Every structure is written in C-alpha cells, then in structure tokens.
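Below is one structure; the comments refer to it alone.
Quick note: the coordinates plus some simple rules give every number you see, no bench work behind them. In this text the structure is predicted, and so the values were computed from the model without any measurement. Glycine gets a Cβ as well: all are built from the backbone with ideal geometry, and neighbour counts include every protein chain shown.
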Amino acid sequence: KNKGLQVLKANSGFSSGGSTLLGYIGIDTIIEQMRKKTMKTGFDFNIMVVGPSGLGKSTLVNTLFKSQVSRKSAGWARDEKIPKTVEIKSVSHVIEEGGVKMKLTIVDTPGFGDQINNDNCWEPISKYINEQFEKFLKEEVNITRKKRIPDTRVHCCLYFIPPTGHCLRQLDVEFMRRLSHSVNIIPVIAKSDTMTIEERQEFKQRVRKELENNGIEFYPQKEFDDDMEDKSDNDKIRETMPFAVVGSDKEHQVNGKRVLGRKTAWGIIEVENPNHCEFAQLRDFLIRSHLQDLKEVTHNIHYETYRAKRLNDNGGLHPISSNDTQEKNP
Amino acid sequence: MDQDKEYVGFATLPNQVHRKSVKKGFDFTLMVAGESGLGKSTLVNSLFLTDLYKDRKLLNAEERITQTVEITKHTVDIEEKGVKLKLTIVDTPGFGDAVNNTECWKSVADYIDQQFEQYFRDESGLNRKNIQDNRVHCCLYFISPFGHGLRPLDVEFMRALHEKVNIVPILAKADTLTPIEVKKKKFKIREEIEQYGIKIYQFPDCDSDEDEEFKQQDLELKESIPFAVIGSNTVVEAKGKRVRGRLYPWGIVEVENSTHCDFIKLRNMLVRTHMQDLKDVTRETHYENYRAQCIQSMTRMVVKERNRNKLTRESGTDFPIPMVPGVAESETEKLIREKDEEVRHADRAPDSVPDREHESHQSSEQQEPSDPRDDRER
C-alpha cells in the first residue's frame, strides 16, 4: 500500500443519487432502454364489444381508434341478417402512432341479446374468453417457448347498455355478473344523445346502484388499486362510469372547425365535446391512461385465476412438445 | 400532438409502461468471478458508487488453503432520479485460490442453476403473485493481466458457465500494462476465446436506422472486449481536479478517463445501454434452455417409470395422476406422484431379473428429444 502519498477518501456509505464527486451512475436510463424495446416489439390489444345490434358498437370503435377497424368496415354488409346464435367475429389491424405499433383486434359478438329467447347467450362469449386463456396457457407450458407469446386474450370488454333511461335490464345484469370475473368489463351507455343531461345523470346513478347491489365490479376494480394515488384516480373514474357516449364517423363544420358529430334539426352533437357526451373521457381512460393497466389486470389477475383453476382441475393439461401438433380440447 | 385530428393516443403506451415500472422499481443481479486480488470488489464499488465491502477481512495464504469457493450475496438499493434499482452482487471468494483448483467453478455453476430452479418452481406454481427473481443476469469474469492471455482455469470456467449466464470478460488491473501491451493482450484473449469455443455475451447488432454516432460507439464497444479496467475507491488530486484514481510516483491513473482504461465503456454498457438486454438474454435464452432441459429430464424419468409399470401385472387400473410429459408440475403434484411410485415399488415382489428385461424394452421406446438450443435464435 502507498502509505507515504496523500490520498483523500472517497465518499463511502450507500449512494442515493450517487456520490457528490462524479456521482452519476445512470440507472434512470433503463427507462429509455425499456422504451426502445417496447417500440421495437410493438404490442397487442384486444377489445371485445358486446350489446344488441344497432347500438352503434362498430361506429364507436371506429371513432375511438380513428380508423375503420371494426368488423363492419371489413366489408361485411351493414344490413346482414341477425344470426340465430351469438357469433364471435374478430378483426385485426396493425395501426401505428408516434413510432408505436399496435396490433388491435376487435372482437364483435353479433346476435347477443337479439333473439326472442336470450337465455345463456353469454355462453359463447365466455367460451371464447376462456379459449384465449387456454391458448396462452398452452404456449406457456410448452417446452420450447416463443420469445413473445402472441396475446389473443381479451383485455377489455365494452358492454353497451341501451339508453332506456330506466334501469338495467335483466340481460345486462346476468351478463356482467357472469363475466366480470374473467374479463375487464367497461359498461358504456350507448346512443346517449337520446337523453338530456339530467336524465343521463339519474340513469347513471341508478345503473351504478344496481351494479353495486348485484355485486358486479366493473373495471377499474376497487380491489386492484395499487396504491393511494391509483385509488384516488380510479375513484374519480368509477364515479363517472358508465360513460355516456355518442359515436360518429361523419364530420361537420362547427365554428369554422371540422368536428366528428351527428347533425340533427336542432343542432350538431359533437362527439369529442365533453359538454355533449363523454366520448373523450372514455377514449382518454381507455387508451391514454389505462391501456397498459387493462393488459396487466388481464394477465396478472384474470389469466392467473384461470390458470390456477386449470392446474387444480388436475390432469387437464395436454402434452405439448415442439414435435407434436396441437391437440384439440375435448 | 393533441391538436392532430388523427391522434388516438396509444403512442403514450411506453409512458404507461414506464410509469408502472418506476413504481415497482428494477432489479439486477451481477456476479463477479476471478482469483483473489484482481480488484473485483474495488471495481464493483467504483461502478455503483457503493461501499459494499467495508468490513471485509482479507485472509492470508494459510487461511485460504482450507477455504472452499463460497458464494456470497450483497444487496443494495440505489435510487437515481426517481428510479429505484435493487442491485445484488454475487461474489465468489476463494475461486482459484487453492493449490488444486479442479472444478472450483462447480459451486458457481450450482448457484446459477439453483436460481433457475427456484424460478422454475415458482413459475410453475399455483400462486405466482410475488415471484422473486434471483437469476444472475451477468457475470464479470476477471482475467489476470500477468499471464499470456487466458489461463487453463479461465478457459474451463468460461466454458462451464457460458451457457448458463452472460459472461463479460474483464482484463483486470490494467494499469500494470502499457497501451500497446493492452492491445496485444486483448487481441490474444479474443483469439483464444474464439479458439476454445467460448460463448461470451454478444452485444446485439445495431438497427440499420440508428445514427452514425451510435453505430460507431457500438463498433468500438464490440472491439473493446475484454474491457481493460482499473478500479479505485479513493479520490486523488490531479491538475487541480479531484478524480477517482490511483496515485503513483510517475503519475495519476484516472479511472474515468477513457484514454486510461475502459471503465467508462464498461459502466455505460452495463448500466446505461445494455442492462435491459442482459436481463432479456438471461430470461429468453439461458433460463429457457435450463427449463427445457429440466422438463426433458423429468419427462425421461416419467416415461421410464411408466414403461416399467406397463410391463407389470398391477398396471392398467392403477395409474397415478396422469402426469403427461411436457407439463410443468406443482410441488404437491410431484410429491403425490413420487409417493405413488414408492408405494408401487414396495408392492412389487423383489425380483431383479424382470427389471433388467424391462430396461432393454425402455431404451427402444424412449424418443430422442430434440435439442431446443438448435431452434433458439440468438
């Protein structure tokens, strides 16, 4: 050791913010590294729309994503026959924004609630949701796993409530009660331009009360609030839900600007005007603030619940090795 | 961007992801390996501005003779600009210190495997809420500057571990070498690494759309292996500046001077540019290889048992939980299955001859599993 020379001891002790001399390690750059990775890989988002026909589901989805992404735009006729049983039809598009690529899948459920007898019309939907969980699970237990398992699980289910102004229908309660434990349900009041603001407020209150009385927890669920900050943000949202929306893919001139809206004899209903309807709030909530959280709750809660149940119902997992072809579920 | 009519808003997704990650914090496990006295502890402290080895007692030669290779863990929480990192340093005191160092890397390899195994169990379990990830993301291997390139121990260690962990070779105490000597030694070591088929951590290639400066940096990085480093826990005065360094009669070696050593390159690589990739490669390649091997050996065991049972009279009605190959099982399932096997063995008459016949049947029935590593891209 160099005993005779003058040296000064460096800062010892644990660093918080680095030592005062030459003190920057650079840990915060990991955020940037992660961001680069997310941008490169892109991500999947799967949204299901449920509700009787004619409630403007396709229009709303197109308005949300500002593109013709719904099934109806994919070339099927708008006035096709109502199917005899609930069908599941999904359409995928890759959309890009700000360097971020999203594979958006809209899962439509034509026939839901349209029959005379709608008993068990939620079953094909429940089955579809579980099938996506099963698909993911199979990939997870594979010996040779893909780097990125394709995610077809339903991250969000927009449930369309008809604007009756009275209360929830039996079908609404049944559906949400049965599905709220396997998928994130976001109820919306469709075609809300048929109600005045007061009627709307009262209707919403009644709907929330009824959901509470039936023990139905819609997204964002209280039990999954991470911390006080989350809780406070989410409480505000929960008190505004269900969002009363209006959808439109037509533009009109208002005050010199082109806006999306519906033109009536008594005025133009502007879709993105928060004084007219809550579309903008729904969009911000769904896409700009809670998109990632919807995926995480699906993955960490709903999927894990499914997985735990499958592991418990022992012997149900079929063998998959990289050599075998996939076996169909019995 | 809000003014843009076409703006939907999902471009905010990376921010949403980042917000959640910042809340959760990150973790990173770094292993340091190499003979004693190569400056490992000093380097770790220099890299992360910590003081992890404050109360360490240095053993003398006699005390070291009886010491076996230990594995020690130090964890420290570091926060910078709101980002929290839980850093774990895994050290291997005693490595290479004995007279006979045969297989002294075994406890290191076992440690790495144990972390994989624990993760595999947790991942296959029922409740996956709070899985602790203790897998080793990177191993800095210290090569002595006093040899002529790699020594036999260096080669054996790296070959034993290169498929379990990301190895980053370090040329230690580089201040004992002149720049020309450093260059020659690096070249020799790189040559030998290739010659002996050692697979060190590969920096991912640049995207074609990166700017020229980035590409240049990337190239320099790849050509700097092994990183010639100098570490220091002391601050010295140089030309009126205060720097981290080593004070010699003939001058001052500055740790953070890139003309003196590769410390900055190493730190930038480890923390500022490749930390995420090191974790990804650990997860997607090393861990997946381990897992695949694990499942396949479990499968072979099960197939063996099944075949043995098939050929006894008691089989047929009496199968245990239908354990199918290729499925990861939980603790309880495994225990139940093992218990069942025990019971079945106890029931059977102790007759060794039929067993041997069964053995020969088995080998023809077993399929040869394909090597997952062939399919795995890197």
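Quick rundown of the values:
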{"quantity": "Prolate/oblate/rounded label for the stretch B:167-221 (Cα gyration tensor, a/c 1.5)", "calculated": "oblate"}
{"quantity": "Other-chain or far-sequence residues with amide H under 5 Å of residue A:44's (modelled H)", "calculated": "A:103"}
{"quantity": "Cα principal axis extents for the stretch B:74-150, largest first, Å", "calculated": "49, 35, 19"}
{"quantity": "Of A:236/B:81; B:24/B:164; A:66/A:250; B:81/B:222, those spanning more than 19 Å from alpha-carbon to alpha-carbon", "calculated": "A:236/B:81; B:24/B:164; B:81/B:222"}
{"quantity": "Taking only Cα atoms of the stretch B:207-303, radius of gyration then Dmax in Å", "calculated": "21.0, 73"}
{"quantity": "Spread of Cα-to-Cα distances over 5 Å intervals beginning at zero, given as percent, for the stretch B:104-261", "calculated": "1, 8, 14, 15, 14, 14, 13, 10, 6, 3, 1, 0, 0"}
{"quantity": "Volume of the Cα convex hull of the stretch A:94-164, divided per residue and given in Å³", "calculated": "118 Å³"}
{"quantity": "Per-residue average of Cβ from other chains inside 10 Å of B:285-296", "calculated": "2"}
{"quantity": "Per-residue average of Cβ from other chains inside 10 Å of A:35-41", "calculated": "4"}
{"quantity": "Net lengthening on full extension, residue B:98/residue B:120 (0.36 nm per residue, minus Cα-Cα)", "calculated": "4.6 nm"}
{"quantity": "Filtered chymotrypsin sites (Phe, Trp or Tyr not before Pro), the stretch A:231-284: DSSP coil and at most 11 other beta carbons within 10 Å", "calculated": "A:266"}
